[in-house]
Amino acid sequence: MSGVFAGLKPESLWKHFSRILEIPHCSGREKSLGDYVIGEAKRLGLAWKRDEAGNIVVSKPGSPGKENADTVILQGHLDMVCEKNSDVRHDFSRDPIVAELKDGWVQAKGTTLGSDNGIGLAAALAVMEDDSLAHGPLEFLFTVDEETGLTGARKIQPGFLKGTKMMNLDSEELGTFTIGCAGGADTEITLPLRRQRAGKQGRYLLKIFGFRGGHSGIDIHLGRANAVKLLARLLAELEEQTPFRLAVFEGGNKHNAIPREAWAEILLPETRVAEAQALLMEAFDKIKIEYQAVEKDAAWSFSKIKSRGQDPLSPASQKSLISLLLALPHGVLAMHPEIAGLVETSNNLAIVRLKPTRAQITCSSRSSIDSALRAVRLIIRAVCRMVGAKPHQPEGYPGWMPDLNSALLKTMQTTHQRVFGKPASVVAIHAGLECGLIGEKFPDMDMISFGPTIQHPHSPEERVSAKSVEEFWNLLAAALSSLS
Ligand SMILES: [Zn+2]
C-alpha cells in the first residue's frame, strides 16, 4: 500500500481504515459508511441485513472444518465524534480525514481521527475478507450513533443476532480486557423563575474558569472541581453578607463533561462593590487551596459590564436556584466494594442555562448497579421537589455487570498469555459501552471488549499506536482460532 500507511501491518486492516477516513461518518450521518460495509459484503458474497435504525449484520460461515463451532460476533460502531481545532478548515460532511504517521502514532491534522471506532471496523472488515484465518461462523455487527446516545444499540431487535459470544472492539488500551460498564441516565430539570426589575445598580460579570473538566465517567474520581458547583458556592457565600441580585448563571456544555467554567451576572449597589469583590476574592482563594493538588490553573475574574441586560431574578427565585445548585449531588457517590478503584455510582451536575422564565439544568448519573442508579435519580427528584423544580427523567441505558466466571474471558486470557506471554488486566469502566444495551436484549450473550491503544479520543489530539494495531490484530486472529 502506498501513502501514509505504507509498510504498516496488517495491510488489509490499514487499507480499510484509509477507506473509512475518506467516507464522512459523524454520528447520525453513517449511511455512506454503512453502504461501504454492505458493498464489501456483496463483493465477498456474504449475507447481510440492515435494520431500520441503520445497524448492519454481515454473516460469514466458519472456515473449512470449523463450520459447526459456536458463532462469534465482532462488533463496532460506525459513527465517530467530529471535533476540530478552531484554526482548522475542515467540513466533516464532505472532507476526508487527513492522517499522518508521527513517532509510531497515527493521527489527523487538527481534527479527530476516528480511530475510535474506525480501527475496530477496519479489523472486522479485514477478518471478513481474509480466507487464511481459522474461525467458526462469524457475525459482524456494525451499529450506528454510539457516540451521542448509544441509539443504534438501543434499537437492535431481539433476533437480529444468532451468536452468543461477542467481542466489542471499542476499547482503547491494548493489554486490557473490559468486562463491565456503568449504566447511565440523565435528568433534565426545569426551575420556574420570576424576574423583577431592580433599582439603579451596577452590573458585574463574575467568571470562574481554567478548571480541568474531563469525562464525567472516566475522570469523575480524580478530584477535579465542578465550576458550576463552585460558582453556586461563591454566590451563596456572597449572599450571606452582601445583598446582590442574580441575572444570569451559565456553566457546562455537555452532559458527559465536568463543567470547566461558569459565569454569573450580578447586580450590586455601587456602595457595596468593593466589599463584594473582597469577599469573593477571599472565598475563591480558599477554594484554590482546597483544590491546589488538582486545579492549578483555576482562575476568576470580576468586572463591570454594560448595565443593560436581563432583569434580575426575584429574591425568591434567586434563593431557589442557588439552593438547588448547592444541593444537587456532584462527583463519586459510591466506590465498588469488591473491584478496587472502580467507581460504582456518580452524578455530574453538567449544564446550567437561564432563560427569561426558567432555569434548565442537566444532571448525568451513572452506576454499575441499576438499583443504585435509580436511587440517585430519586435523590435528584427529592431535591427538585424542595424548591418547586420539575425533573424530567427519560429512560437511560443499562450497565453491564462484570462476570468474572465468563467462559469467553477465560479463553481470551489463555490466548493473551499465549500471544504476549502475560495475562491482560481485567477492568470494568465507569462509562457506557454498547455491551450494556446488547446484554439487556440478549441476556445469554457472553461479552468482552478490547482494542488497540488510542489516546485522547473525541479530541483533535486523538491518536492510535500503529504497533498496538498490529498486536491487536494478532490477538484477535488468535482468539478467533481458539474459539473455533
Ligand atoms: Zn467508541
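The values are calculated or read from the model by the stated rules, or taken from the named source; none is laboratory data. The structure presented is a predicted model; accordingly, all values stated were derived computationally and were not measured. Note that we place each Cβ from the backbone using ideal geometry, even for glycine, and neighbour counts take in every protein chain shown.
With respect to A153, determine if the residue is in contact with a strand residue (DSSP E or B) (Cβ under 7 Å, 6 or more places away or on another chain), touching a residue at least 60 places away in the same chain (Cβ under 8 Å), under 29 Å from L321 (Cβ atoms) and among the aliphatic types (A, V, I, L, M).
Here the answer is no, as A153 does not meet what is asked.
When you go through T190, T164, T176 one by one, which is the residue that is more than 30 Å from N68 (Cα to Cα) and either in contact (Cβ under 8 Å) with a residue 60 or more places away in the chain or basic (K, R) (or both)? Reasoning before the result, please.
Working: T164 fails: more than 30 Å from N68 (Cα to Cα); T176 fails: more than 30 Å from N68 (Cα to Cα).
Answer to the selection: T190.
Looking at V37, V88, V58, can you tell me which residue is of a type outside the set (D, E) and in a strand (DSSP E or B)?
The unique qualifying residue is V58.
From the list G120, G149, exactly one residue is under 24 Å from the mean Cα position of the chain (by Cα), assigned to a helix (DSSP H, G or I) and either away from the ligand (no atom under 16 Å from the Cβ) or of a type outside the set (D, E, K, R) (or both). Which is it?
Among G120, G149, only G120 is under 24 Å from the mean Cα position of the chain (by Cα), assigned to a helix (DSSP H, G or I) and either away from the ligand (no atom under 16 Å from the Cβ) or of a type outside the set (D, E, K, R) (or both).
List the strands (runs of 3 or more DSSP E) inside the stretch 222-339, counting only whole elements, that have at least 1 residues being charged (D, E, K, R). So that I can check it myself, show each step before the final result.
Numbers: elements: 245-251, 262-268, 299-305, 331-335.
Of the strands (runs of 3 or more DSSP E) lying wholly inside the stretch 222-339, those with at least 1 residues that are charged (D, E, K, R) span 245-251, 262-268, 299-305.
Run down L113, L101, L78 and say which single residue is within 22 Å of A6 (Cβ to Cβ), within 16 Å of the ligand (Cβ to nearest atom) and modelled with pLDDT of 95 or more. Before the answer, list the steps.
On the way: L101 fails: within 16 Å of the ligand (Cβ to nearest atom); L78 fails: within 22 Å of A6 (Cβ to Cβ).
Only one candidate qualifies: L113.
Looking at the stretch 183-221, which of the residues that are in contact with a Ser or Thr (Cβ under 6 Å, 6 or more places away or on another chain), surrounded by fewer than 20 Cβ atoms within 10 Å (Cβ to Cβ) and hydrophobic (A, V, I, L, M, F, W, C) is farthest from I438 (Cα to Cα)?
L205
If I filter the stretch 192-207 for residues that are more than 30 Å from L280 (Cβ to Cβ) and either in a helix (DSSP H, G or I) or of a type in the set (F, W, Y) (or both), do I get at least one hit?
No, the stretch 192-207 has no match at all.
Kindly indicate whether any position in the stretch 158-166 is within 29 Å of H430 (Cβ to Cβ), modelled with pLDDT under 95 and surrounded by fewer than 21 Cβ atoms within 10 Å (Cβ to Cβ).
Looking through the stretch 158-166, at least one residue is within 29 Å of H430 (Cβ to Cβ), modelled with pLDDT under 95 and surrounded by fewer than 21 Cβ atoms within 10 Å (Cβ to Cβ).
Could you give me the residue pairs with C-beta distances under 9 Å whose first residue belongs to the stretch 91-118 and is closer than 21 Å to F450 by Cβ, whose second residue is basic (K, R) and within 16 Å of the ligand (Cβ to nearest atom) wherever it lies, and which are 6+ apart or on separate chains?
From residues that are closer than 21 Å to F450 by Cβ, the pairs are W105/R463; V106/R463; L113/R463; S115/R463.
Just to verify a result, which residue in the stretch 222-252, among those that are of a type in the set (K, R) and under 13 Å from L328 (Cβ atoms), is surrounded by the fewest Cβ atoms within 10 Å (Cβ to Cβ)?
R233
From (1) surrounded by fewer than 20 Cβ atoms within 10 Å (Cβ to Cβ); (2) away from the ligand (no atom under 16 Å from the Cβ); (3) under 20 Å from S449 (Cβ atoms), pick out the condition that doesn't hold for S27.
(2)
Would you pick out the residues in the stretch 312-360 that are of a type in the set (D, E, K, R) and over 27 Å from L222 (Cβ atoms)?
The answer is K319, K355, R358.
Quick one: how many residues across the stretch 431-480 are among the aliphatic types (A, V, I, L, M), within 16 Å of the ligand (Cβ to nearest atom) and either outside any helix (DSSP H, G or I) or over 16 Å from G118 (Cα atoms) (or both)? Steps first, please.
First pass over the stretch 431-480, keeping only residues among the aliphatic types (A, V, I, L, M): 431, 433, 437-438, 445, 447-448, 454, 464, 466, 469, 475-480.
From what is left, the residues that are within 16 Å of the ligand (Cβ to nearest atom) are 431, 433, 437-438, 447-448, 454, 464, 469.
From what is left, the residues that are either outside any helix (DSSP H, G or I) or over 16 Å from G118 (Cα atoms) (or both) are 431, 433, 437-438, 447-448, 454, 464.
Residues meeting the conditions: 8.
N68: of a type in the set (S, T, N, Q) and either at pLDDT below 95 or within 20 Å of the chain's Cα centre (by Cα) (or both), yes or no?
Values: of a type in the set (S, T, N, Q): yes; either at pLDDT below 95 or within 20 Å of the chain's Cα centre (by Cα) (or both): no.
Against the criterion (of a type in the set (S, T, N, Q) and either at pLDDT below 95 or within 20 Å of the chain's Cα centre (by Cα) (or both)), N68 does not qualify.
Any idea how many residues of the stretch 69-87 are loosely packed, with under 13 Cβ neighbours inside 10 Å and touching a residue at least 12 places away in the same chain (Cβ under 8 Å)?
Of the residues in the stretch 69-87, 2 are loosely packed, with under 13 Cβ neighbours inside 10 Å and touching a residue at least 12 places away in the same chain (Cβ under 8 Å).
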